[in-house]
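Here the structure comes first, spelled out in structure tokens, and everything after it is commentary.
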Amino acid sequence: MPNVTEGECRKLYALYPGKICVADTPAHCFSCITARIKSIGRVVSESFGYRKKRV
């Protein structure tokens, strides 16, 4: 599970020892996740992530 929490709170989400990427910044983590998603031919949406209600 990626950790994109900012600042001092980031260390509070270390749920298990040996977790990778704990020293990365949230921006670096986001770019890494985006690259992994693109590598499998998918895209990261920039929309809100929920469906608009029909009127």
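The values are calculated or read from the model by the stated rules, or taken from the named source; none is laboratory data. Since this is a predicted model, take the numbers as computed values, not measurements. Neighbour counts run over all protein chains shown; Cβ positions are idealised from the backbone, glycine included.
Here are the numbers for the structure shown:
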item: The range 6-47, subset of a type in the set (Ser, Thr, Tyr) and over 9 Å from the mean Cα position of the chain (by Cα), residue modelled with the highest pLDDT; result: Ser39
item: Residue in the range 16-25 that is in a helix (DSSP H, G or I) and either in contact with a Lys or Arg (Cβ under 8 Å, 6 or more places away or on another chain) or among the charged types (D, E, K, R) (or both) present; result: no
item: Residue list for the range 1-18, filter: under 27 Å from Val43 (Cβ atoms) and loosely packed, with under 12 Cβ neighbours inside 10 Å; result: Met1, Glu6
item: Selection count, the range 29-55, where residues are assigned to a helix (DSSP H, G or I), within 27 Å of Gly7 (Cβ to Cβ) and of a type in the set (Ser, Thr, Tyr); result: 2
